[in-house]
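Undergrad: This is the structure I have questions about; it appears just below.
The values are calculated or read from the model by the stated rules, or taken from the named source; none is laboratory data. Every value quoted in this text rests on a predicted model; they were computed, and no experiment measured them. Positions of Cβ are generated from backbone atoms using ideal geometry, with glycine treated the same way; all protein chains shown enter the neighbour counts.
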Amino acid sequence: MDHVALGLLLGLAAGVIVVALMLPMTFPDKRVALSAAFVSRFSIGFLTANTILPIHPIAAGAIIGLFLSIPDALITKAYVPILVIGTVLGALCGGAVWLWG
């Protein structure tokens, strides 16, 4: 599969998953929080499919997910859930790249 198309699909899937996880939560501005989470997780999926690193794609995805999650974790001070979800989603996207990319 084309890497750009796969990245778009993985980004959409990762973004939708995180937004679904966040829907029951309350935020001062829920629309902004959900939009920011979607864009952040979309980036993980898209970049995992379109970045070439000299390591296994699952490890590359986990690293990309971790690094892209650090700013969100620092801003919200919700370190563990954001970093874990970002790393796991990155690894899952890396697995999809390994299988279908």
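Undergrad: Just to check your reading of the model, which residue among Leu21, Leu9 is farther than 17 Å from Ile82 by Cα and hydrophobic (A, V, I, L, M, F, W, C)? Spell out the reasoning first.
TA: Working: Leu21 fails: farther than 17 Å from Ile82 by Cα.
Within the list Leu21, Leu9, the selection yields Leu9.
Undergrad: Now, a different point. Is it the case that Gly101 is surrounded by 14 or more Cβ atoms within 10 Å (Cβ to Cβ) and modelled with pLDDT of 95 or more? First the steps, then the outcome.
TA: Details: surrounded by 14 or more Cβ atoms within 10 Å (Cβ to Cβ): yes; modelled with pLDDT of 95 or more: no.
Answer is no for this residue.
Undergrad: Which count do you get for residues in the stretch 60-84 that are surrounded by fewer than 21 Cβ atoms within 10 Å (Cβ to Cβ), closer than 15 Å to Ser43 by Cα and either in contact with a His (Cβ under 7 Å, 6 or more places away or on another chain) or of a type outside the set (Asp, Glu) (or both)? Walk me through it before giving the result.
TA: In the first step, residues of the stretch 60-84 are kept if they are surrounded by fewer than 21 Cβ atoms within 10 Å (Cβ to Cβ); the result is 63, 66-68, 70-81, 83-84.
With the extra rule that they be closer than 15 Å to Ser43 by Cα, the set shrinks to 63, 66-68, 70-72, 83.
Subsequent filtering for residues that are either in contact with a His (Cβ under 7 Å, 6 or more places away or on another chain) or of a type outside the set (Asp, Glu) (or both) retains 63, 66-68, 70-71, 83.
Of the residues in the stretch 60-84, 7 are surrounded by fewer than 21 Cβ atoms within 10 Å (Cβ to Cβ), closer than 15 Å to Ser43 by Cα and either in contact with a His (Cβ under 7 Å, 6 or more places away or on another chain) or of a type outside the set (Asp, Glu) (or both).
Undergrad: Quick test for you: out of Ala96, Ala14, pick the one residue that is crowded, with 18+ Cβ neighbours inside 10 Å, touching a residue at least 60 places away in the same chain (Cβ under 8 Å) and either over 11 Å from the mean Cα position of the chain (by Cα) or on the phi > 0 side of the Ramachandran plot (or both). Before the answer, list the steps.
TA: Details: Ala14 fails: either over 11 Å from the mean Cα position of the chain (by Cα) or on the phi > 0 side of the Ramachandran plot (or both).
That would be Ala96, the only listed residue that is crowded, with 18+ Cβ neighbours inside 10 Å, touching a residue at least 60 places away in the same chain (Cβ under 8 Å) and either over 11 Å from the mean Cα position of the chain (by Cα) or on the phi > 0 side of the Ramachandran plot (or both).
Undergrad: What's the total number of residues in the stretch 17-59 that are touching a residue at least 12 places away in the same chain (Cβ under 8 Å) and either assigned to a helix (DSSP H, G or I) or surrounded by 18 or more Cβ atoms within 10 Å (Cβ to Cβ) (or both)?
TA: Going through the stretch 17-59, the residues touching a residue at least 12 places away in the same chain (Cβ under 8 Å) turn out to be 17-19, 21-22, 34, 36-51, 56-59.
Narrowing the set further to residues that are either assigned to a helix (DSSP H, G or I) or surrounded by 18 or more Cβ atoms within 10 Å (Cβ to Cβ) (or both) leaves 17-19, 21-22, 34, 36-50, 57-59.
Result for the stretch 17-59: 24.
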